[in-house]
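Novice: This is the structure I want to talk about, given as structure tokens.
The values are calculated or read from the model by the stated rules, or taken from the named source; none is laboratory data. A quick note: this is a predicted structure, and the numbers were derived from the prediction, not measured. FYI the Cβ positions are ideal-geometry reconstructions off the backbone, even for glycines, and counts take in every protein chain you see.
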Amino acid sequence: MSSDEPRTAISGSTAPVTDTRDARRGEGVDDRFNSKLREAFGSSPFILTKFDKFMNWARGSSMFLLQFGIACCSIEMMHTFAVKHDSDRFGAGVPRASPRQADVMIVPGTIVSKFTPRMKRVYDQMPEPKFVIGMGSCTISGGPFQEGYNVVKGAEEAIPVDIHVPGCPPRPEALLYGIAKLQERVANGESSPVVVKPYELQQFSEMEQDEVVDQLADEIDEDDLAMRYNWADSP
Amino acid sequence: MSTGEEQSGDDAGEQAIEPTEAKVAELQSLLGDHVLDTEEHLNAPAIVIRPDAVQAVLSTLKEEAGYDHCSCVTAQQYPDRYESIYHLKKYADPTDEVSVVVPTARDDPTSESGAPVYETASWHEREAYDLVGIDYDDHPDLRRILLPDTWQGHPLREDYDQDRPQIVTLRENANPLLEDHRGSEEEGESDTMFLNIGPHHPATHGVLHLETVLDGEQVLDVDPDIGYLHRCEEQMCQQGTYRHQIMPYPDRWDYISAGLLNEWAYARTAEDLADIEVPEYAQVIRTMGAELCRIASHMLAMGTFALDINGDFTATFMWAIRERERAQSVLEELTGQRLMFNYFRLGGVAWDLPSPREDFFELTRDFLDGLPEATREFHDLLTNNEIMQLRTIDTGVIDPETAKDFGCTGPVARASGIDYDLRRDDPYGYYDELEWDVVTEDGCDNYSRLLVRMREVEQSAKIIDQCIDLLEDWPEDEREIQSNVPRTLKPERDTEIYRAVEGAKGELGIYIRADGTDKPGRFKIRSPCFSNLQSLPAMAEGEYIPDLVAALGSLDIVLGEVDR
Ligand code: SF4
């Protein structure tokens, strides 16, 4: 309703106006309240929704990413956050420095044996619900370094991954697409099944006794957390 | 012979023989009977010495012959022996090189450590111990550096079994100074505090771990713990064939968009090894591309430095990224990729400039025209900023002598007044034909390192500008982008070479030993960041903790290159 049309309350009656608020508002909804959202929901001022659905929508629309650089891909990840690509436009652009404030972890790079337990630790520190985007070929399979003696063959060896973005490195656009896909899934309330059972960090004393464990027994404290790599069985 | 010297061609090679012989004779008279044998490496004469005479020989060479730069230590295994090679140079003249070869027995690879002579050898020897398993007597602190402490075996040995399981621990790091610094109760002194910075921390620029001991706000001891990104780059290169399979890897050493600079390191080494000529036109394109990469890399260095100091994710960082995006779009036009270019080939480049050429020139010129304005803005924001100056001037100081001892190169060395730039001192590509200056500063502090980078950007722009002019006028029928290179390269058995180029962070060198096949027998990377990072304790100990972060930022390390 536009304001230059005379309002009935003013032009139609000279009686003292008692119903002021209704009068001022006129019929229908005030312009100021019109928005895309209202268009989507129709004229009713109430939104009927399930709380779950609302939560998922909110979650998907405001993602806090973990500021987590590992290797080459993190450079493209920084570009995704910065000018030109600006992932903030899509409600996912505030990198948090602490895992305790983040809900999405982008794993941007090659993961090697020394880093895996630390990465698992960082993942464990993130509050639920948490999501992981694997960025680049390295997080899929070890990428160009797959044959390296020290390289873990993909992030899924350690943590569950929701979205894989292939490329070496993926362009920022590709990462944005990955983030948008994740948002879509989150808003739909989907989460991916954990495909590979992630490694658990276990106490050294609980490890199956074998040659390597025996060899290390003197060096390592029984209570130390440890991770075992079976390179021969890795994909 | 450098690839840039084709014009002077063969006579330079012939002339070079005589001085080499003279040099060997001179070295022999200097070292007396320490010299067991001499060898000829393509870049320098090599002297073979006994494993228990390392310190004596190195200190004579350092003190009396003036070889003050130990650029790299390579360790390798032969069927009958182990060998460590110390590649020595002079800061004043990097073309004056000598290699010291130390063979050790196969069943007991022990040799004397060079670390008491050259500080930088300490980390290099730790790496040699870690990967090849040579023991260095008298080394101050011989433990694994790249692989976890619990690793079994030495992966670059021939008998290493890559399939065997490994166990890695997640252990709390302990305070190394706790015992001797615990104050006595009566005096009421406080303990020291142990602080882990990293491996996941925004200020470490990747996965670096600093074990820091604090006394109040002051840093008592800092020990960089690296290896969280050790991607076996050397093994990967040893598995690839010279012609095509190795070139993609250099892009991933220093991944801050310095791809072409790294590719050049490999191209230069392999071209000298296999005696490949590079057409001049390709050299000009290479020079231009490399300098674009340098700009992009320095931009990110400045942006993240501002992020470390001001915690300013909005202005400076975004502006730096904006300039980078522009540089990257030029590079993308040229190479087809934003980050991992894989554009150089042995003997030239992959393809010519994109057509229409005018558009490319215009795009590049636009970028260059915008740069002065951008640098002015950076000066307003950063260097003229009082807070920035307070934080950076006179913090993280490293004097030239210490910097040389640690093998610092690149902007870090130049900010300590060391006038060392391989582009000028050991010319390759087209650099010696162009007008430009080497930038140095005398402040030795964090501020100078920032200034050097900013001024280098201007020099790089100057170089690119001249290259564009040259390319524009290049006659159409002489645009040869690649020389004729055989499909498989098999350099002669046992030829050895160490060559370096000026990467974005400093001297990026590669040592290759050919074993007669189409793959290198040993491929060793000398990374500038590795040596620069080693000097961090010298800069930061005794300073406040924020200055430690500033010093780390000013070193501009990239972990892909530190850990390789
Ligand atoms: S996928 Fe490629 S670009 Fe990304 S981290 Fe791995 S090697 Fe680097």
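Novice: Could you please find all residues in segment B:227-258 being closer than 23 Å to B:Leu300 by Cα and of a type in the set (A, V, I, L, M)?
Specialist: Hits for segment B:227-258 are B:Leu229, B:Ile256, B:Ala258.
Novice: Let me ask another. Scan segment A:108-129 and tell me whether some residue there is over 23 Å from B:Trp151 (Cα atoms), within 11 Å of the ligand (Cβ to nearest atom), of a type in the set (A, V, I, L, M) and not assigned by TED's automatic domain parsing to the domain that holds A:Asp233.
Specialist: No, there is no match, as no residue in segment A:108-129 is over 23 Å from B:Trp151 (Cα atoms), within 11 Å of the ligand (Cβ to nearest atom), of a type in the set (A, V, I, L, M) and not assigned by TED's automatic domain parsing to the domain that holds A:Asp233.
Novice: Considering only segment B:493-517, how many residues are within 20 Å of B:Val278 (Cα to Cα), more than 12 Å from the chain's Cα centre (by Cα) and not aromatic (Phe, Trp, Tyr)?
Specialist: The number of residues fulfilling the criteria is 2.
Novice: Of all residues being modelled with pLDDT of 85 or more and in contact with a Lys or Arg (Cβ under 9 Å, 6 or more places away or on another chain) in segment A:149-158, which is farthest from the ligand (Cβ to nearest atom)? Just the residue, please.
Specialist: Of everything passing the filter in segment A:149-158, A:Asn150 is farthest from the ligand (Cβ to nearest atom).
Novice: Looking at segment B:233-244, is at least one residue more than 12 Å from chain A (Cβ to nearest Cβ), touching a strand residue (DSSP E or B) at 6+ places or on another chain (Cβ under 7 Å) and not in a loop (DSSP other than H, G, I, E, B)?
Specialist: No, segment B:233-244 contains no residue that is more than 12 Å from chain A (Cβ to nearest Cβ), touching a strand residue (DSSP E or B) at 6+ places or on another chain (Cβ under 7 Å) and not in a loop (DSSP other than H, G, I, E, B).
Novice: Determine, yes or no, whether B:Leu552 is surrounded by 24 or more Cβ atoms within 10 Å (Cβ to Cβ) and outside any strand (DSSP E or B). Can you show your working first?
Specialist: On the way: surrounded by 24 or more Cβ atoms within 10 Å (Cβ to Cβ): yes; outside any strand (DSSP E or B): yes.
Yes: the conditions hold for B:Leu552.
Novice: I need a count of the residues in segment B:508-548 that are within 14 Å of another protein chain (Cβ to nearest Cβ) and surrounded by fewer than 22 Cβ atoms within 10 Å (Cβ to Cβ).
Specialist: Total meeting the criteria: 1.
Novice: In segment B:216-232, what residues are charged (D, E, K, R) and either within 12 Å of the ligand (Cβ to nearest atom) or facing chain A (nearest Cβ under 7 Å) (or both)? Working first, answer last.
Specialist: Filtering segment B:216-232 down to residues charged (D, E, K, R) leaves B:217, B:221, B:223, B:225, B:231.
The answer is B:Arg231, and nothing else.
Novice: Something else: Pairs needed: first member in segment B:217-244, without any contact (Cβ under 8 Å) to a residue 60 or more places away in the chain and closer than 30 Å to A:Ala155 by Cβ; second member anywhere, in a helix (DSSP H, G or I) and among the aromatic types (Phe, Trp, Tyr); C-beta distance under 9 Å; at least 6 residues apart or different chains.
Specialist: Matching pairs, first to second residue: B:Met236/A:Phe145.
Novice: Among (1) within 16 Å of the ligand (Cβ to nearest atom); (2) within 24 Å of B:Leu451 (Cα to Cα), where does B:Ala403 come up short?
Specialist: If we test B:Ala403 against (1) within 16 Å of the ligand (Cβ to nearest atom); (2) within 24 Å of B:Leu451 (Cα to Cα), just (1) comes out false.
Novice: Given the residues B:Val48, B:Val57, B:Val117, B:Val100, which is the only one that is under 18 Å from B:Leu30 (Cα atoms), touching a Phe, Trp or Tyr at 6+ places or on another chain (Cβ under 6 Å) and modelled with pLDDT of 85 or more?
Specialist: Only one candidate qualifies: B:Val100.
Novice: Where in segment B:15-113 are there strands (runs of 3 or more DSSP E), lying fully within it, with 1 or more residues that are out of contact with any Ser or Thr (no Cβ under 8 Å at 6 or more places or on another chain)? Quick ask: steps written out before the conclusion?
Specialist: Numbers: elements: B:35-40, B:45-49, B:69-77, B:81-89, B:98-105, B:110-112.
Output list reads B:35-40, B:45-49, B:69-77, B:98-105, B:110-112.
Novice: Moving on to the next point. Could you list, in sequence order, all residues of segment A:132-148 that are near the ligand (Cβ under 8 Å from one of its atoms), within 25 Å of the chain's Cα centre (by Cα) and either more than 30 Å from A:Ala92 (Cα to Cα) or buried (at least 23 other Cβ atoms within 10 Å of the Cβ) (or both)?
Specialist: Scanning segment A:132-148 gives A:Met135, A:Gly136, A:Cys138, A:Thr139, A:Gly143.
Novice: What do you reckon, is A:Gly136 more than 10 Å from chain B (Cβ to nearest Cβ), closer than 24 Å to B:Gln328 by Cα and either free of Cβ contacts under 8 Å to residues at least 40 places away in the same chain or of a type in the set (Lys, Arg) (or both)? I'd like the intermediate steps shown before the answer.
Specialist: Numbers: more than 10 Å from chain B (Cβ to nearest Cβ): yes; closer than 24 Å to B:Gln328 by Cα: yes; either free of Cβ contacts under 8 Å to residues at least 40 places away in the same chain or of a type in the set (Lys, Arg) (or both): no.
The answer is no for A:Gly136.
Novice: Looking only at residues that are away from chain B (no Cβ under 11 Å), surrounded by fewer than 19 Cβ atoms within 10 Å (Cβ to Cβ) and touching a residue at least 12 places away in the same chain (Cβ under 8 Å) in segment A:84-107, which one is nearest to the ligand (Cβ to nearest atom)?
Specialist: A:Phe90
Novice: Please verify whether segment B:359-373 includes one or more residues that are crowded, with 18+ Cβ neighbours inside 10 Å and hydroxyl-bearing (Ser, Thr, Tyr).
Specialist: yes
Novice: Among (1) within 20 Å of B:His230 (Cβ to Cβ); (2) modelled with pLDDT of 85 or more, which single condition is B:Gln162 missing?
Specialist: (2)
Novice: May I pose another question? Pairs, please: C-beta under 8 Å, at least 6 apart or cross-chain, first residue in a helix (DSSP H, G or I) and in segment B:349-366, second hydroxyl-bearing (Ser, Thr, Tyr)?
Specialist: If the second residue must be hydroxyl-bearing (Ser, Thr, Tyr), the pairs left are B:Leu363/B:Ser329.
Novice: OK, next. Taking the options B:Lys490, B:Lys505, name whichever one is assigned to a loop (DSSP other than H, G, I, E, B) and crowded, with 18+ Cβ neighbours inside 10 Å. Break it down into steps so the answer makes sense when it comes.
Specialist: On the way: B:Lys490 fails: crowded, with 18+ Cβ neighbours inside 10 Å.
Going through B:Lys490, B:Lys505 in turn, the sole match is B:Lys505.
Novice: Next question, about the same structure. Out of B:Tyr266, B:Tyr255, report the one residue that is within 11 Å of chain A (Cβ to nearest Cβ) and over 16 Å from B:Tyr430 (Cα atoms).
Specialist: Numbers: B:Tyr266 fails: within 11 Å of chain A (Cβ to nearest Cβ).
Within the list B:Tyr266, B:Tyr255, the selection yields B:Tyr255.
Novice: Take B:Arg324 and decide whether it is under 25 Å from B:His379 (Cβ atoms) and either within 16 Å of the ligand (Cβ to nearest atom) or crowded, with 23+ Cβ neighbours inside 10 Å (or both).
Specialist: On the way: under 25 Å from B:His379 (Cβ atoms): yes; either within 16 Å of the ligand (Cβ to nearest atom) or crowded, with 23+ Cβ neighbours inside 10 Å (or both): yes.
Yes; evaluated as a whole, the condition is true for this residue.
Novice: Among the numbered criteria (1) within 13 Å of the ligand (Cβ to nearest atom); (2) at pLDDT below 85, which single criterion is violated by A:Arg59?
Specialist: Of everything listed in (1) within 13 Å of the ligand (Cβ to nearest atom); (2) at pLDDT below 85, A:Arg59 misses just condition (1).
Novice: Of (1) within 16 Å of the ligand (Cβ to nearest atom); (2) outside any loop (DSSP other than H, G, I, E, B), B:Glu211 satisfies all except one. Which?
Specialist: (1)
Novice: Let me ask something else about it. Would you check if A:Ile70 is crowded, with 20+ Cβ neighbours inside 10 Å, in contact (Cβ under 8 Å) with a residue 24 or more places away in the chain, facing another protein chain (nearest Cβ under 10 Å) and not aromatic (Phe, Trp, Tyr)? Give the derivation first.
Specialist: Values: crowded, with 20+ Cβ neighbours inside 10 Å: yes; in contact (Cβ under 8 Å) with a residue 24 or more places away in the chain: yes; facing another protein chain (nearest Cβ under 10 Å): yes; not aromatic (Phe, Trp, Tyr): yes.
Taking the combined requirement at face value, the residue satisfies it.
Novice: Sticking with this one: All but one of (1) within 14 Å of chain A (Cβ to nearest Cβ); (2) farther than 26 Å from A:Phe115 by Cα hold for B:Asp149; which doesn't?
Specialist: The number of the failed condition is (2).
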